[in-house]
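**Q** The following block contains the structure, expressed as structure tokens.
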């Protein structure tokens, strides 16, 4: 089930009611575990088996790591966890992709290899819970964490429904300790959690689905070649859609956890106000950025072995980050562009380390950052390289004479909404939502909350799935 559905509203109300009952803490945690399995089974019940396999393998691998005395044995337990998790991810997410590329490689050398039918259903959210479970055994192997004392607590960490299918990518050290002691949301937490869920659903249902998805789809998926205006408006629409969709999910997930008395980390921090690309990745999909830094970039050498090694590690990390998003070369190019941006930025920072920039220069860098990020979104959204190239050519003004695709009302709506998103990010760049809410009069907050909720109700339609569910 998806957050933006009546089914979830009923499900969540039942979970809240059960969690509020004066039951033993173990019983309440068991209720949450069962509810989380039901939440995931609503998509495809057999795939719950994958959650069980991942949970059991990593639990016993962690126990083996603790008991092992020889480094070889510890490494074997760690590899068991990594191979099991990445093996399932590779089969379900990249099996068809790898087979198609193998067939093309064979064709390039003159071998017409025709593989058997390989129809694989992608389990929803497999990339997210795979990274979450892997961090458990990797942290224990690296002696950065202790294993969970309770199998129930660990199983609940893996399956906890707010973060299960699209993050934030949680670490066991962030969530397992919260399961050790009884928790129930206070009145303020419940109120703030529901407010966060309303904001998140407004971003998803009203902005992403209601206003921005249509124009992006009409141009990116349409048969007509777009002109410069249509290409830029569609790309800007997607930049707003992907943010509102994914940040909306994260905000809803954090709010849902808070309603139950649990805290989850921020996943977005107003990224379209970023000044530079390292700043962008400190603000966009924060938990993935931290995961890639800790488990890919640093193990590859990070910035500890010279400049050449640093750039290589940086590029490799972003290429893998692109591939994590999808089994397509367009995602790899998206990651590669971000790796290139980060490398050039690092080079320029070293070259001009002593230059102090004024406010106007920083604002100009921020606009350039946002423009270049939009270039990368073309590869993220396009179905193939042909579509991406067609969009880039149009954005460069090389598609003269193309007939308009989007009506004027869509162009105006996208321009206003995306401008509002970027302006809001700038206003909130050095602020937090909590601090702004704390300074806002209660009557005004209530009125805004009512308006957001009303907009969700009148816009709610088919309950479109969140974009990141496919990852």
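**Q** Please state which of the following conditions residue 167 fails to meet, knowing it meets all the rest: (1) buried (at least 21 other Cβ atoms within 10 Å of the Cβ); (2) modelled with pLDDT under 95; (3) not in a loop (DSSP other than H, G, I, E, B).
**A** (3)
**Q** Here is a list: 359, 366, 388, 353. Which entry is in contact (Cβ under 8 Å) with a residue 40 or more places away in the chain, in the same structural domain as residue 275 (by TED's automatic domain parsing) and either over 25 Å from the mean Cα position of the chain (by Cα) or more than 15 Å from residue 273 (Cβ to Cβ) (or both)?
**A** 388
**Q** Does residue 43 satisfy the condition of being within 29 Å of the chain's Cα centre (by Cα), under 22 Å from residue 158 (Cα atoms), part of a loop (DSSP other than H, G, I, E, B) and not assigned by TED's automatic domain parsing to the domain that holds residue 255?
**A** Yes, satisfied.
**Q** Let me ask something additional. Answer with yes or no whether residue 128 is touching a helix residue (DSSP H, G or I) at 6+ places or on another chain (Cβ under 9 Å), part of a helix (DSSP H, G or I), without any contact (Cβ under 8 Å) to a residue 40 or more places away in the chain and surrounded by 22 or more Cβ atoms within 10 Å (Cβ to Cβ).
**A** no
**Q** For segment 289-311, indicate whether the set of residues that are farther than 19 Å from residue 132 by Cα, touching a residue at least 60 places away in the same chain (Cβ under 8 Å), more than 21 Å from the chain's Cα centre (by Cα) and in a helix (DSSP H, G or I) is non-empty.
**A** Within segment 289-311, none of the residues are farther than 19 Å from residue 132 by Cα, touching a residue at least 60 places away in the same chain (Cβ under 8 Å), more than 21 Å from the chain's Cα centre (by Cα) and in a helix (DSSP H, G or I).
**Q** If you don't mind, there's one more thing I want to ask. Being closer than 21 Å to residue 332 by Cα, buried (at least 17 other Cβ atoms within 10 Å of the Cβ) and out of contact with any strand residue (DSSP E or B) (no Cβ under 8 Å at 6 or more places or on another chain) narrows it down to one residue among 134, 104, 88; which is it?
**A** None of the other options fit; the residue is 88.
**Q** Next up: Is it the case that some residue within segment 418-437 is part of a helix (DSSP H, G or I), closer than 15 Å to residue 234 by Cβ and either in the same structural domain as residue 194 (by TED's automatic domain parsing) or touching a strand residue (DSSP E or B) at 6+ places or on another chain (Cβ under 8 Å) (or both)?
**A** Yes, segment 418-437 contains a residue that is part of a helix (DSSP H, G or I), closer than 15 Å to residue 234 by Cβ and either in the same structural domain as residue 194 (by TED's automatic domain parsing) or touching a strand residue (DSSP E or B) at 6+ places or on another chain (Cβ under 8 Å) (or both).
**Q** For segment 1-10, which positions are assigned to a helix (DSSP H, G or I) and closer than 17 Å to residue 249 by Cα?
**A** Across segment 1-10, the qualifying residues are 6, 7, 8, 9.
**Q** If you go through segment 303-319, how many residues are surrounded by fewer than 17 Cβ atoms within 10 Å (Cβ to Cβ) and touching a helix residue (DSSP H, G or I) at 6+ places or on another chain (Cβ under 6 Å)?
**A** Within segment 303-319, residues that are surrounded by fewer than 17 Cβ atoms within 10 Å (Cβ to Cβ) and touching a helix residue (DSSP H, G or I) at 6+ places or on another chain (Cβ under 6 Å) number 1.
**Q** Also: Scanning for something over 22 Å from residue 152 (Cα atoms), without any contact (Cβ under 8 Å) to a residue 60 or more places away in the chain and part of a helix (DSSP H, G or I), does segment 16-29 turn up at least one residue?
**A** For segment 16-29, residues over 22 Å from residue 152 (Cα atoms), without any contact (Cβ under 8 Å) to a residue 60 or more places away in the chain and part of a helix (DSSP H, G or I): absent.
**Q** Being assigned to a helix (DSSP H, G or I) and either loosely packed, with under 12 Cβ neighbours inside 10 Å or in contact with a strand residue (DSSP E or B) (Cβ under 8 Å, 6 or more places away or on another chain) (or both) is the filter here, so list the residues in segment 345-361 that pass it.
**A** The answer is 350, 351, 359, 360.
**Q** Right, another one. Have a look at 109, 82 and point out the one that is touching a helix residue (DSSP H, G or I) at 6+ places or on another chain (Cβ under 9 Å) and assigned by TED's automatic domain parsing to the domain that holds residue 65.
**A** Result: 82 is the single residue among 109, 82 that is touching a helix residue (DSSP H, G or I) at 6+ places or on another chain (Cβ under 9 Å) and assigned by TED's automatic domain parsing to the domain that holds residue 65.
**Q** State all residues of segment 446-471 that are at pLDDT below 85 and either assigned to a helix (DSSP H, G or I) or more than 22 Å from residue 331 (Cα to Cα) (or both); if no residue qualifies, say none.
**A** Listed by number, the residues that qualify are 459, 460, 461, 462, 463, 464, 467, 468, 469, 470.
**Q** Every residue in segment 6-17 that is in contact with a helix residue (DSSP H, G or I) (Cβ under 9 Å, 6 or more places away or on another chain) and modelled with pLDDT under 95, please.
**A** 8
**Q** If residue 157 satisfies all but one of (1) more than 17 Å from the chain's Cα centre (by Cα); (2) in contact (Cβ under 8 Å) with a residue 40 or more places away in the chain; (3) crowded, with 20+ Cβ neighbours inside 10 Å, what's the number of the condition it fails?
**A** Every condition holds for residue 157 apart from (2).
The values are calculated or read from the model by the stated rules, or taken from the named source; none is laboratory data. Quick caveat, the model's predicted, so the values are computed rather than measured. Every residue, glycine among them, receives a Cβ derived from its backbone with ideal geometry; neighbour counts consider all protein chains shown.
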